[in-house]
1. Pull up the cross-link candidates among the aspartates and glutamates for Lys164, meaning alpha carbon to alpha carbon under 12 Å and not fewer than 8 places away within one chain.
2. Compute the relative contact order of segment 52-216 as a whole-number percentage, counting only Cα pairs closer than 8 Å that sit 6 or more residues apart in sequence.
3. For a 22 Å ceiling on Cα separation, which of these pairs sit above it: Lys80/Lys112; Lys236/Lys281; Lys66/Lys96; Lys85/Lys192?
4. Checking the cross-link filter: which lysines have an alpha carbon closer than 25 Å to that of Lys303, excluding same-chain neighbours under 8 positions apart?
5. P(r) for the chain, please, calculated from all Cα pair distances in 10 Å bins and given in %.
6. Return the calculated 222 nm mean residue ellipticity for the chain, to the nearest 500 deg cm²/dmol, obtained by summing -39500 (n - 2.57) across DSSP H runs with n ≥ 4 and dividing by the residue count.
7. For helix 80-91, report the angle its Cα long axis makes with the longest principal axis of the Cα atoms of the chain; keep it between 0 and 90° and round to the nearest 10°.
8. Can you pull the one-decimal nm distance between simple spin-label points at Ser214 and Lys148, each 7 Å off the Cα toward Cβ?
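FYI, it's all coordinate maths here, none of it is from the lab. Because the structure is predicted, anything quoted here is derived from the model rather than measured. Cβ placement follows ideal geometry from the backbone for every residue including glycine, while neighbour counts extend to all protein chains displayed.
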Amino acid sequence: MNIKIKFEDKKKRAPKSLKEQFMLDWHKQLGWKRNPFQIIIPKHIDDFIAGYDKDRLKINLFVIKKLNFGTIVGLPGTGKTTILKWMEYELRKYKKIVHARLVDGSKLTGEKQSIKNIIWPLLNIFERYITKPWEVMTAATIVQEVKKRLKPDHKLVLLIDNVKDVSDLALVLIRELFLANINFQLIVSGTKEEIEDSGINQFKPQDHLQIDLSKEMQYKDLHNMIRKRIESVGGKGINPFTEGLMKRICTEADHNPKAVLELAYNCAAEIALENWQKERKAEEERLMELKELEEAAEEEEEKEEKKKISKKKKEKDEYLDLENYEESKGGDAGARARRLEQERKIQDFFDRVKKNLGQE
């Protein structure tokens, strides 16, 4: 029986999964464009934010009602920065009348740095990157500069994240803006203690926002957050997580959004590596099986070749035997023919002798 098996080209490169012994781009193993769980706020946050529905409504009303001061209170990772980022993103849609600026408290320390971040939303492109007028402004002139640039029907909205880092000088400038009787709105974020220690509520004690993120985020909102992030990088739903695993992640993270992202990252990376190892093992087993089949086929081919050689030798031997037999048989017939010819000649001789004697 002649077995023919088509094997992969030996010259073909070994599968990439077997060549690699270490993997960093784990997200590609899951079919994702990048890691969706990075602790960064996506640029188009409108497509990613989940939850905070009541809080976002309060912020919207805060701006509409032209209220001047509000706070967002919460522990690290509860979503303070996310809400501020979302607010800045939404207000950009109304940049013709609303001049919004989100700045970290650490950027409101020195005089020039503080002036730059306060005046920045009121500057045009040429001023921001060419003339840089804040370099010649002072704490004594900043309020007049704001008044000069802010139209009566426009508003300046300053969003300060991590208010604990704001310097005393920056607080003085902010207080002057409140006293200037302009359309100025300020929202700050931090823990309750950080806001109190910053002293910012000493000159504006009435909090018109009072968003408190100390309560744990609901599971459905965390689920939504993970789903949106996964789908943004090419994934589907919450895969590779199951509902059970997703609930365990949220519980272990105490429903803290930042902690949920960190745990989701760890779990997804582990799942990706496990899948990678399984694929490597399956590929190794497949190649081993192919090798065994190839060796068996080669062995079968050798047997078939030996059979062919043996058969040809046998046929050749039989042919030679037949040829020798024919030659042998042909030699006896020739000798007999010669004898018969000789006997015929002798008989002819005697016949002529008898004939001659009879004539005499």
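1. Reachable aspartates and glutamates: Asp104, Glu193, Glu194, Glu196, Asp197.
2. Numbers: 249 pairs, mean separation 63.8, N = 165.
Across segment 52-216, relative contact order equals 39 percent.
3. On the way: Lys80/Lys112 27 Å; Lys236/Lys281 26 Å; Lys66/Lys96 16 Å; Lys85/Lys192 20 Å.
As for pairs spanning more than 22 Å Cα to Cα, those are Lys80/Lys112; Lys236/Lys281.
4. Lys4, Lys6, Lys10, Lys291, Lys311, Lys312, Lys313, Lys314, Lys316
5. So the P(r) values, bin by bin, are 4, 16, 17, 13, 10, 7, 5, 5, 4, 3, 3, 3, 3, 3, 2, 2, 1, 0, 0.
6. -18500 deg cm²/dmol
7. Here the helix axis deviates by roughly 80 degrees.
8. Simple spin-label model gives 4.6 nm for this pair.
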